[in-house]
Structures are given as C-alpha cells and as structure tokens.
Amino acid sequence: MVLSMTFTPKLEDIQYNNLKEVKLGRVQPSGDIYNLELPIFQLRSFLEPYETLLGNLIQQLTDLVNHSLNLNFDNAHHILNIIRQTSEVDFVFILGIEQQDNWYVKSHSKPDPNLDHNFYFNTFNSHILPTISRLAIFNPGYHGIYRLHEDKNGESRAFVLIPLKSLPEAEVIVVCGIPQDSYLLGDIYGRILSSFYHACHKFSYNPALVEAAILDDLKKDFGFVAANLYERRFQLFCERLQRMIVYFEPVLHLDADELFISSWEALARDPDTLTAPVDLFQAAEMWGPRFTIELDQYFLRTATYSYQEARKKSQQNRSKDIVPLSVNVYPESLIRTAYFQTVRQVLQEKTITSRNLILEISEKTEIPQFNDGVRLNSPLRFFKHKLLEYVKQLHIRFAIDDFGVGYASVSRLAGLNPSHVKIDRNILDHQPCDIIIRFVHELVGANNLNPSNVIVEGIDETTPISLHRLQEIGVKYIQGHIVGKPSPEIYRLSKEKYDDLRRMILEDV
C-alpha cells in the first residue's frame with residue numbers, strides 16, 4: 001500500500017493569525033507502505049569528528065601496553081609519542097616552570113628523523129612564547145589555545161598549548177605542526193588530550209579506564225556526547241561492572257548480655273584494589289538512569305548469589321543461622337519496572353528469601369522528581385507508593401542509608417517508615433551527637449506498629465563516642481571496623497572479639 005495525504009486548506013489561504021485553526025487531512029492508505037520508508041538522519045553532534053581521534057589514542061595505548069614488558073608509568077615520553085602519531089603532527093613536548101619562573105622542557109616525543117625538532121624549540125621560544133600571556137594559556141574558560149606560524153615552505157602551521165596543571169605548578173603540552181584548517185583546532189581536542197594524559201598516569205595506562213575517564217570528562221564539560229560515544233561508555237561501564245566482587249560487613253546487636261551479628265551489608269569491591277569502585281558509582285550518577293539501573297540490577301544478583309555461596313562455605317545454611325542481607329540501591333532504580341522484576345526473579349530463584357533481604361536506599365541521591373519524563377507533583381508520595389508495591393507483592397523491607405548527609409531529611413524519614421535507619425558516621429563528629437541519635441530514635445519510635453531499627457555506622461577505634469555511651473542513649477545496632485572489616489566470608493563472632501566488645505560496652509572504653 002502507498003499512503004497518500006490530503007491537506008484540507010491551501011497554503012495561500014492560510015492567515016498567520018489563524019494558524020491554530022489549520023487541520024491536516026487523514027492519511028489515506030493505497031499501495032505498498034514500505035515504499036515510504038525513506039532514510040532518516042540524526043542531527044550531527046559536534047563531538048563526532050573526534051571519535052576517530054579518541055579511538056586511535058586508545059588503540060595505540062592498548063598496543064603499547066600489550067607489547068611493552070617494562071613500561072615506566074612515570075615517563076610521559078610514551079604518552080607524547082601516542083599523541084604525536086594519532087594527531088599526525090611533527091612534534092609534541094611538555095613545558096614546566098622552574099623556581100626562577102622560567103619555562104623549561106620536561107619531556108618530549110620521539111622526533112621525526114626527517115624533521116629538525118630543534119627548529120620547533122627555537123621557533124616556539126623566539127616567536128610563539130613571547131607573544132602569549134600566561135593569563136591566556138591558563139584561562140579556565142578554555143582547554144587550550146593556539147598560535148599560527150608560517151614554516152619554511154610558507155605553510156601556516158599551528159602551535160597548540162594545552163594546560164595540564166595550573167599555576168604555580170604549571171605544566172603545558174605543546175603540539176607542533178597542526179594544519180591551520182584542521183578540525184583538531186578546537187576546544188574538544190584540548191580536553192581529550194589533557195584527559196588522556198592525566199588518566200594514563202592515574203590508571204597506570206589501563207586502556208579501558210583511560211577511555212572511560214576521557215568520556216566522563218567530555219560529558220562533564222559539554223553536557224552530552226555523540227550517540228556512538230554514549231554507547232561506548234555504557235559498554236565500558238558494563239565491562240567494568242562484570243569485574244566487581246562483593247564483600248560483607250557485619251552489623252552488631254549491641255547488648256552485653258545478647259551480643260551477636262544481626263545482619264550483613266553487601267559492599268561492592270574492585271578486585272584489584274579491594275576498595276570501593278568509586279568510579280562506577282560516579283559514572284552511574286553522571287550518566288543517568290540507564291547506568292544506575294544496570295548497576296543496581298547486577299549488584300543485587302551478584303550480592304545475593306555471593307551471600308548464598310558464603311553461607312555454604314561457613315556452613316550457616318540452617319534457617320536460624322541465616323541473618324538478613326542489606327543491598328544498596330539508588331532511589332531511581334526502585335521506581336523502575338526492570339529493577340522490580342529483577343528483585344522478583346532473585347526471590348523466585350530462591351537465591352535469598354524476602355525475609356532475609358533488605359534494600360538499602362542511599363540518601364546521597366535525591367528521590368526521583370520525574371516519572372517517564374513527566375515531573376511529579378509529589379515525589380515523596382509517588383516514591384512511597386512504589387515502595388509499598390515491593391512490600392505488598394514481594395514482602396521486601398527497606399532501610400534508609402546515610403541518614404544525616406546528602407538528601408536526608410526528617411520529612412523523608414517520617415514519610416517512608418523504613419524498617420531500618422542507618423545514621424551516617426559524620427553525625428558522630430558533631431556535638432552533641434547523642435541528642436541527634438536520641439531524636440532519630442524518637443522519630444522512628446513514633447510509628448508504634450512498626451518502629452525502625454536504628455543502626456549507627458562507621459564505628460571504629462577513633463570514634464568520638466564509646467560503645468558504653470551508645471548503649472546508654474538507646475543504640476541497639478552498630479556497624480563498622482570495631483565489629484569487623486568487610487570480608488568475602490561471613491562468620492560468627494570469635495570468643496576473643498566477643499569478649500573484647502562486651503568489655504567495651506560494660507566499661508565505657
């Protein structure tokens with residue numbers, strides 16, 4: 001079928017002040033509909049020309065890492081060679097400032113044997129540098145500047161100066177020999193090179209982490225990236241996510257006569273450093289819901305499965321030995337059907353029971369203000385309604401994490417009626433912290449039918465309040481290194497740890 005359209009008014013009959021009254025006729029089917037499928041084109045992004053440059057930088061970095069057995073991570077020489085080759089320029093060097101306030105060359109790329117690199121040093125020193133102020137070089141509104149210079153053949157070539165470190169510890173990359181009509185003479189080129197340089201040092205030349213850092217910087221500075229770069233960032237995010245492992249931190253029931261581990265919190269860990277993969281969380285929060293939901297779904301599956309395996313190894317499989325597991329989740333994920341279905345699937349697969357799963361809502365990000373692109377009139381009411389679906393259909397309990405920081409507020413705490421509330425360790429640094437802790441207990445205790453368990457986080461040997469004092473003011477649960485550091489195993493308290501903690505509760509030490 002071929003579709004034909006009939007327009008009711010004629011163009012010459014339309015008056016500008018009557019445009020609201022213009023109506024289009026209905027589409028009339030008559031022929032092969034597929035004949036109308038003409039190609040469509042997305043509006044071009046100004047970042048698209050740089051996709052090839054970025055791809056070449058990462059490819060050459062990958063080749064360097066794969067073929068260099070003794071790579072010196074502190075040597076900028078390798079980075080400058082990659083920049084020279086991918087930019088197809090003559091020479092690249094780094095300038096620093098001496099104590100006498102004079103510029104000097106800190107490092108440079110391998111010179112092209114067919115070119116006299118001294119020519120670039122001399123030209124730059126005599127004709128370029130004297131004409132450029134430091135104010136222009138280190139202008140925070142730009143990622144670099146350039147100056148054209150006519151070479152021996154009468155061709156205009158650019159010297160590009162890209163700041164790496166601001167004054168007084170100044171460092172500048174100088175790229176020599178870019179044609180005056182090159183697309184590289186743009187602010188994005190400066191941002192990519194400075195990001196590449198810093199990320200290579202920060203991540204020890206790890207290509208995937210370097211590429212992700214560059215894309216993050218582009219998103220941070222320009223607000224968006226080209227579609228291909230966005231998809232590439234999501235791919236890198238997922239690959240990084242797949243390497244994440246899970247550790248468990250104990251929560252202690254604080255009672256000298258009844259001292260035991262009451263639950264565990266699942267914590268994400270980088271397998272190489274065994275520290276929190278902060279870059280994953282930062283990327284998820286920067287790039288939006290698609291990333292946060294992917295993170296939360298993967299972490300829920302991995303955390304519950306790892307907990308199941310840890311129980312098997314510890315022989316704590318009897319129902320009376322299994323204590324609840326808290327799994328962190330972003331508020332945005334909780335309103336999404338995909339995450340709800342993942343929770344349902346985990347329960348159906350019996351990886352964990354609903355009685356032993358607590359979803360821990362971070363207070364460091366705000367409650368979603370939009371649903372399907374529409375601004376919510378009452379975000380808190382909408383969010384609470386979504387949580388009730390988990391409670392009614394899946395019998396899930398919730399905890400509020402990080403209370404006292406970020407977006408935490410009394411209205412959120414009172415409005416959600418969680419089963420657990422975790423007080424952030426930063427609260428303990430404020431005087432008098434015991435008044436704040438008592439207030440939280442009174443607030444959650446107002447719900448007589450289902451008062452929340454209050455857990456004070458981050459308790460260690462340096463905490464400015466004793467276990468004895470915490471128990472005195474009504475704290476029944478604590479979490480932190482004083483109980484046990486995060487570990488891939490779960491366990492019961494050893495007799496030595498039990499006696500130690502009991503002594504601290506009784507003796508106010």
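The values are calculated or read from the model by the stated rules, or taken from the named source; none is laboratory data. On a predicted model such as this, the values are computed, not experimentally measured, just so you know. Cβ: placed from backbone, ideal geometry, glycine included. Neighbour counts: every protein chain shown.
Brief remarks follow.
- Only one of the listed residues (E442, E461) is touching a His at 6+ places or on another chain (Cβ under 9 Å) and modelled with pLDDT under 90. That residue is E461.
- Filtered residue count, segment 340-375, keeping only those that are closer than 22 Å to F248 by Cα and within 24 Å of the chain's Cα centre (by Cα): 9
- Some residue of segment 242-249 being of a type outside the set (S, T, N, Q), free of Cβ contacts under 8 Å to residues at least 60 places away in the same chain, in a strand (DSSP E or B) and surrounded by fewer than 18 Cβ atoms within 10 Å (Cβ to Cβ): no
- The single condition among (1) over 28 Å from L493 (Cβ atoms); (2) assigned to a helix (DSSP H, G or I) that D272 does not satisfy is (2).
- The lone exception for F383 - which of (1) over 23 Å from E285 (Cα atoms); (2) of a type outside the set (D, E); (3) touching a Gly at 6+ places or on another chain (Cβ under 9 Å) it fails: (1)
- Reported count of residues in segment 437-493, each being within 30 Å of the chain's Cα centre (by Cα), farther than 17 Å from A256 by Cβ and in a loop (DSSP other than H, G, I, E, B), is 13.
- Residue among V22, V92, V65, V2 that is over 46 Å from the mean Cα position of the chain (by Cα) and at pLDDT 50 or above: V22
- Verdict on I245 being touching a Ser or Thr at 6+ places or on another chain (Cβ under 9 Å) and farther than 16 Å from V329 by Cβ: yes
- Among (1) surrounded by 15 or more Cβ atoms within 10 Å (Cβ to Cβ); (2) not assigned by TED's automatic domain parsing to the domain that holds H481 - the single one S204 does not satisfy: (1)
- Selection of first residues in segment 131-149 that are closer than 22 Å to P179 by Cβ and in the same structural domain as S195 (by TED's automatic domain parsing) and of second residues that are assigned to a loop (DSSP other than H, G, I, E, B) and modelled with pLDDT of 85 or more, restricted to Cβ pairs under 6 Å at least 6 apart or on distinct chains, gives the following pairs, ordered by first then second residue: Y146/L185; L148/Q180.
- P168 being over 28 Å from the mean Cα position of the chain (by Cα) and loosely packed, with under 14 Cβ neighbours inside 10 Å: yes
- Filtered residues of segment 44-70 (kept if in contact (Cβ under 8 Å) with a residue 40 or more places away in the chain, under 16 Å from H201 (Cα atoms) and either among the polar types (S, T, N, Q) or not assigned by TED's automatic domain parsing to the domain that holds H201 (or both)): T62
- Filtered residues of segment 355-406 (kept if part of a strand (DSSP E or B), of a type in the set (D, E, K, R) and surrounded by 15 or more Cβ atoms within 10 Å (Cβ to Cβ)): E360, R397, D401, D402
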